[in-house]
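See below for the structure under consideration.
The values are calculated or read from the model by the stated rules, or taken from the named source; none is laboratory data. Small disclaimer: the values here were computed from a predicted structure and weren't measured. Cβ coordinates were reconstructed from backbone atoms using ideal geometry, including for glycine residues, and neighbour counts include every protein chain displayed.
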Amino acid sequence: MAGWLTRKFSTILKGPYWLYWKERSEGRNAVILLIHLRRFVLENIPKDVEQRHNIDKALKEQDRVEEDAKKIVDKGFRLGFNVELNQEIALGIIRKIEKAFETARARNHGKLDAKLARIEVEFQQGLLKVLGEGEKEDREIYFKYLEPAIKIAEKSGDHKTLMADVAQLFKTKEDISRLAVMAFRWEARGVRKSVVSLEKDERKIEGLLSKAGSKKININKLAANLREAVKIITVHLRNEFRTSFVMWKRDFILTLVMLRLMDLEEAKMEDFVKRHLMPRAPELKNISDIESIKKRLAEDLHVLAQGFRRLIGEERELEGIANQDLNRAKRNA
């Protein structure tokens, strides 16, 4: 887990999360670049070399592929890591609210206790539903494409080991094209709301619960305000978790497709040299550059996979806590 945590703390020093408009813009640019890159690797370059014999154009296109690949690698990792950081922030907010309810529960508020217990039941039920919905998002695609790669990426940052698995996932051009289009579809759905909203919700709930012990407080008004705040944060949590999962999948898919495209491009270069269709010296340099890109991609996948598993563990732990607190609140309601 050291890789993910190291990246986390170095990123937090620069700012815990991007502005969301920037995240949206960068994500769309990365997906568009990937679609263009796919066309160069699978269609344009092979035709220019094998059919048109336009070597100069093919060399320029290969340079363009490397430039775009580096941009996608950089954008894709930052986007995926940013999503994981924001989701961790959201989980931390849930923990703080759980703690606030626990603190309020420990005090004796007389007539207010039963009302607080009923509101906590509503919060825990809403939280469990939100966590459950996040896990169900596009489950079939996850298990077919993401989980196998995540397991390998977790174990090793070695791009050759990971590449063998990715090659089995994307055996045809159609598989690659379908995943590229899927990434674009997920990107279009991934309009996220800032976790700043959740932080405001948290402060409001904590403030209301802290007033519960005051003798001057209007019990009915406090309960109504608290119930409304719980409804609002449940909506914000649902939006954050649903879109975070969608966008994380988009970024992981971007990296997987990129890794496969780079592998195909390298294999084509080797074949062109072997068949004397392209000059040896520039192609060998390009092959070396592609290897460096693939190594970076595998390292990024390794870190993102670590972070994803870490978040899944935290979500399951929170589900356990929420179930326990729900049962306790039901007994007191």
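Just a few scattered comments:
Here's the yes/no breakdown for (1) loosely packed, with under 14 Cβ neighbours inside 10 Å; (2) not acidic (Asp, Glu):
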| position | (1), (2) |
| --- | --- |
| 26 | no, no |
| 42 | no, yes |
| 45 | no, yes |
| 53 | yes, yes |
| 56 | yes, no |
| 61 | no, no |
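- Condition met for residue 332 (out of contact with any His (no Cβ under 8 Å at 6 or more places or on another chain) and at pLDDT 85 or above): no
Results for (1) charged (D, E, K, R); (2) at negative phi; (3) in contact with a strand residue (DSSP E or B) (Cβ under 8 Å, 6 or more places away or on another chain); (4) modelled with pLDDT of 90 or more, shown as yes or no for each residue.
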{"position": "193", "(1), (2), (3), (4)": "yes, yes, no, no"}
{"position": "205", "(1), (2), (3), (4)": "no, yes, no, yes"}
{"position": "209", "(1), (2), (3), (4)": "no, yes, no, no"}
{"position": "214", "(1), (2), (3), (4)": "no, yes, no, no"}
{"position": "225", "(1), (2), (3), (4)": "no, yes, no, yes"}
{"position": "230", "(1), (2), (3), (4)": "no, yes, no, yes"}
{"position": "233", "(1), (2), (3), (4)": "no, yes, no, yes"}
{"position": "242", "(1), (2), (3), (4)": "yes, yes, no, no"}
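- Residue tally, condition surrounded by 15 or more Cβ atoms within 10 Å (Cβ to Cβ) and either among the charged types (D, E, K, R) or under 22 Å from residue 288 (Cα atoms) (or both), over segment 72-94: 8
- Scan of segment 275-322 for residues that are surrounded by fewer than 13 Cβ atoms within 10 Å (Cβ to Cβ) and touching a residue at least 12 places away in the same chain (Cβ under 8 Å), ordered by number: 279
- Yes/no for residue 264 being farther than 27 Å from residue 52 by Cβ and either in a helix (DSSP H, G or I) or touching a residue at least 12 places away in the same chain (Cβ under 8 Å) (or both): no
- Checking residue 310 against (1) farther than 27 Å from residue 64 by Cα; (2) basic (Lys, Arg); (3) over 15 Å from the mean Cα position of the chain (by Cα), the condition it does not meet: (3)
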